[in-house]
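Everything below concerns the one structure shown next.
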Amino acid sequence: MSSFRSLLKVVKEFPKRLFHAVTDGAKRVLQTLRIWAQDNPRTSKVIVVALVAALSAALLFGFFAFIGFTPGGIVAAAAWHASIGIVSAGSLFAILQSLAATGMIGAIGAFIGASMSVISIHFGAKSASAGCS
């Protein structure tokens, strides 16, 4: 019976120990990344721009898919299409459908994300250098 209680105690403590191990490991990884970024500022900025661009592309593509515009055609947007009737060229619906069909949504998202991160890095560097003088 004693071994069963020991096993039960280990099972009960496992989630807490796992949580602490994961958070401690994550803290060490973030600390290592912070030190590396300070030692390699240009490379870390390029990586940040690339990650933000990829994330922006994925989010924009996901949003368009959520509202129904995908490279495979309009899915959820069919109700919107039905309410419009005949879609005129140049309308918002036609533009969104064209962007989705050509796969340009991801490229636009990547461009927006990269632009935003480059601008924020540029202005962040200016404000940091202004504060140091």
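The values are calculated or read from the model by the stated rules, or taken from the named source; none is laboratory data. It should be emphasised that the depicted structure is a prediction, and the values quoted were computed from it without experimental measurement. Calculation scope for accessible area: heavy atoms of the full protein, side chains included, ligands and nucleic acids excluded. Shrake-Rupley method; radii C 1.70, N 1.55, O 1.52, S 1.80 Å.
Structure summary
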{"quantity": "Extreme residue, modelled with the highest pLDDT, among residues of segment 93-106 that are open to solvent by 50 Å² or more (accessible area, probe 1.4 Å) and not polar (S, T, N, Q)", "calculated": "95"}
{"quantity": "Filtered residues of segment 1-34 (kept if open to solvent by 80 Å² or more (accessible area, probe 1.4 Å) and within 23 Å of the chain's Cα centre (by Cα))", "calculated": "22, 27, 28, 29, 30, 31, 32, 33, 34"}
